[in-house]
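The values are calculated or read from the model by the stated rules, or taken from the named source; none is laboratory data. Note that the structure is a prediction, hence the values are computed from the model and not measured. All Cβ positions, even for glycine, are placed from backbone atoms using ideal geometry, and neighbour counts span all protein chains on display. Just so you know, the surface numbers come from the protein's heavy atoms only, side chains and all, with ligands and any DNA or RNA stripped out. Shrake-Rupley method; radii C 1.70, N 1.55, O 1.52, S 1.80 Å.
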Amino acid sequence: MKKKLLLLEDDLALNETIVDYLESIGFSVTSVYDGNSAIDAIYENSFDLLLLDVNVPDINGFEILKKTREQGSSVPAIFITSLNSMSDVENGYDSGCDDYIRKPFALKELKLRIDTILKRDFFHNASDKVQIDTDIYYDTQSDLLTIGSDEVQLNNKDAKLLKLFLKNRETLLTHETIYENLWEYGEEISESALRTYIKNLRKYLGKEKIVSIKKLGYRFTTK
């Protein structure tokens, strides 16, 4: 399955060059040219990685990522920028980025940075353990869910679904997006199986954590 990237870059020529390159090496890329469009795209889609230019119209890249992190999203992010002072670098990491690449750069260097982050197999988090609620923790490496003093070993699909939800907290995930992320190429997609995985997670986490949006999909909330 192709990894989905969001590219925010207001330089039309550079945007097109990066998109052409990344798509040629197997990524699926959604490209936008201003901050408001980036926020809309992040809200409406599930991405594996964000590539954010900093100096763009409407809302700069730093503020976009801050807003995204405040809403609970942990999708990894790389800033692409011509800014090069130490304070700019600090601002980038303070806003929640995973890496920082300065213009001009070689496309192969960008690929290496993307590959390195995606190999982490999860998302922007300092620890393998993610807190879901007061007494609920999830270990992203072992797929072990700890609920108070109890431990639950999640199966493959339940774990994939929980990781997808945690990457996209407070965001509507359509049925199609969930299907694309849970089922591998060649596997038969099953609507009834998805309902079972949702039921399983609700049993562990509480029904209120996974909100059904009629005919559209689901939203994971920790509020």
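Quick notes on this one:
- Filter result (open to solvent by 20 Å² or more (accessible area, probe 1.4 Å) and not in a strand (DSSP E or B)) within segment 207-220: 207, 208, 214, 215, 216
- Screening segment 9-106 for strands (runs of 3 or more DSSP E) wholly inside it with 3 or more residues that are in contact (Cβ under 8 Å) with a residue 40 or more places away in the chain returns the ranges 49-53.
- Test for residue 141: is it in a loop (DSSP other than H, G, I, E, B) and under 18 Å from the mean Cα position of the chain (by Cα): yes
- So residue 147, is it β-branched (Val, Ile, Thr), in contact (Cβ under 8 Å) with a residue 12 or more places away in the chain and over 30 Å from residue 40 (Cβ atoms): yes
- Residue in segment 7-16 that is open to solvent by less than 20 Å² (accessible area, probe 1.4 Å), hydrophobic (A, V, I, L, M, F, W, C) and at pLDDT 95 or above present: yes
- Answer from 40, 94, 20 - the residue that is open to solvent by 60 Å² or more (accessible area, probe 1.4 Å), modelled with pLDDT of 95 or more and out of contact with any Asp or Glu (no Cβ under 9 Å at 6 or more places or on another chain): 20
- Selection within segment 160-206: residues that are among the β-branched types (Val, Ile, Thr) and open to solvent by 50 Å² or more (accessible area, probe 1.4 Å). The member of this set that is farthest from residue 118 (Cα to Cα) is 196.
- Residue check for residue 134: open to solvent by less than 90 Å² (accessible area, probe 1.4 Å), of a type in the set (Ser, Thr, Tyr) and either over 14 Å from the mean Cα position of the chain (by Cα) or modelled with pLDDT of 85 or more (or both): no
- Within segment 177-190, the residues that satisfy the criterion of being under 27 Å from residue 40 (Cα atoms) and either free of Cβ contacts under 8 Å to residues at least 24 places away in the same chain or aromatic (Phe, Trp, Tyr) (or both) are 179, 183.
- Which listed residue is in a loop (DSSP other than H, G, I, E, B), modelled with pLDDT under 90 and farther than 11 Å from residue 50 by Cβ, from 121, 115: 121
- Subset of segment 49-61 (residues that are open to solvent by less than 20 Å² (accessible area, probe 1.4 Å) and either out of contact with any Asp or Glu (no Cβ under 8 Å at 6 or more places or on another chain) or not hydrophobic (A, V, I, L, M, F, W, C) (or both)): 49, 50, 52, 53, 61
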